[in-house]
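Data block below; observations after.
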Amino acid sequence: MNYCSQCGAEVGVRVPEGDNRPRHICGACGTIHYQNPKVVVGCIPEWEDQILLCRRAIEPRYGLWTLPAGFMERGETTHDGAARETLEEAHARVEVLDLYTLFSLPHIDQVYMLFRSRLLDLGFGPGAESLEVRLFDEAEVPWREIAFPVVKETLKIYFADRRTGRFPLRLGDIVRAPDDPRRYRIRVHGGGPAGWVPVPGS
Ligand SMILES: [Zn+2]
């Protein structure tokens, strides 16, 4: 950020009085421009034993598979956002069910909230951001071509939980390795030990 969105003057970076971290502050009007993480909402659309994935038509990770998900818009709920993203990316109508995974991704300042959902019909197809949309059995999931670690981890624990028939809320963190941007540490709270894993598709 270089200029103030309130008055157009230049902004500087300093710690405001009473705060403990640097912020963008306008030198003219004094507005403090706080920057905070964004929420990404999406669905795990289910149809019988299959789940729906989208192949990305946009960067990053063009051509790789992901769950329908995207940034929440102002004025909507998490459920509404998850349903909207699924309609936009997969032209799929869903009943959004329970929240299933909630991951913090501090290296990109995002929080992911992925909901189980029930496909209402099979009239889906690729939206503008997708090359292809299709249903997958567990055995067909293209594990080496999943676009994002958060989606790959969600799918791994989803299929593991499905064997027990229970889908408790799973909380986790995905943290980029400080010395290697191509590796992440994935930790699901209450899950097994965390280890560094390579970025899918790299
Ligand atoms: Zn200003």
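Among strands (runs of 3 or more DSSP E) entirely within the range 1-90, having at least 2 residues that are open to solvent by less than 30 Å² (accessible area, probe 1.4 Å), closer than 24 Å to L169 by Cβ and in contact with a helix residue (DSSP H, G or I) (Cβ under 7 Å, 6 or more places away or on another chain) singles out 38-47, 50-56, 69-71.
Given the structure, is D179 acidic (D, E), open to solvent by 80 Å² or more (accessible area, probe 1.4 Å) and at pLDDT below 95? Against the criterion (acidic (D, E), open to solvent by 80 Å² or more (accessible area, probe 1.4 Å) and at pLDDT below 95), D179 qualifies.
The values are calculated or read from the model by the stated rules, or taken from the named source; none is laboratory data. What you see is a predicted model; the values in this text were computed from it and never measured. Positions of Cβ are generated from backbone atoms using ideal geometry, with glycine treated the same way; all protein chains shown enter the neighbour counts. Keep in mind that these areas ignore ligands, DNA and RNA; they rest on the heavy atoms of the full protein, side chains included. Shrake-Rupley method; radii C 1.70, N 1.55, O 1.52, S 1.80 Å.
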